[in-house]
Amino acid sequence: NWNTHFNNSAIINKKNIKNLKLLWKNKSIKKNRLEKDWNQNIEINPIIINNKLIYVTPDWNIVAVDAISGSKIWEIESIFPPARRGIVSYIDKNKNKEYLFLPIGGKIFKVNANNGKVIKFFGNNGSVDALTVIPPMIYKNNLVVGSIYKAIQVFDLNNGKKKFTVSLHPNRNFSGAVPWGGAALD
């Protein structure tokens, strides 16, 4: 959670690390399809939400597997590349529901994290128009998006209706710099 690349747990240490064993592995592309379907390198870290490991494959599929057993729970095939900087998860504690916000092909899709189904009542049939390469941020009941169109767009987290847009360079005639390394909301 803190991106420190350090875990101070004493469960694994110098004495017992040699005893670790592989429990499962998952291949994302079949060997005979590797060259044909290898579309891009993937720079998205997998996320874990309630024992579901969710990741993006080099052939642009989004996959959820059981983090304990490695068995596939669901898979979404995408014809457009997912944004290469991350996925955002959200747990709605009032409704006891888990969601993902996936930037794909100039849109952000809201997906049920348990079954991989797009939430159709969000935005326009499950997505909002927001071209970005980084994951959105969640603040209160808002989905905040750093767009490559030199703007910050804010949508209702539940229904996807656009609340407002803040132009970052209103008097400039250029497309703006792409937020590359991620974003933070302060």
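The values are calculated or read from the model by the stated rules, or taken from the named source; none is laboratory data. All of these numbers come straight from a predicted model, not from anything done at the bench. Reconstructed Cβ throughout: ideal geometry from the backbone, glycine too, with neighbour counts over all protein chains shown. Ligands, DNA and RNA are excluded from the accessible area calculation, which covers all protein heavy atoms including side chains. Shrake-Rupley method; radii C 1.70, N 1.55, O 1.52, S 1.80 Å.
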Legend entry - Residues (touching a Lys or Arg at 6+ places or on another chain (Cβ under 9 Å) and open to solvent by 40 Å² or more (accessible area, probe 1.4 Å)) located in the range 39-84: N41, I42, E43, D66, I73, F80
Inset, instruction - Can you tell me which residue within the range 146-173, out of those that are under 15 Å from Y90 (Cα atoms) and of a type outside the set (S, T, N, Q), is surrounded by the most Cβ atoms within 10 Å (Cβ to Cβ)? - result: F155
Legend entry - Unique residue being over 16 Å from I138 (Cβ atoms) and open to solvent by less than 30 Å² (accessible area, probe 1.4 Å) when the list is I87, I104, I108: I104
Inset, instruction - Considering each of I54, I42 in turn, give the residue that is within 21 Å of V133 (Cα to Cα) and at pLDDT below 75. - result: I42
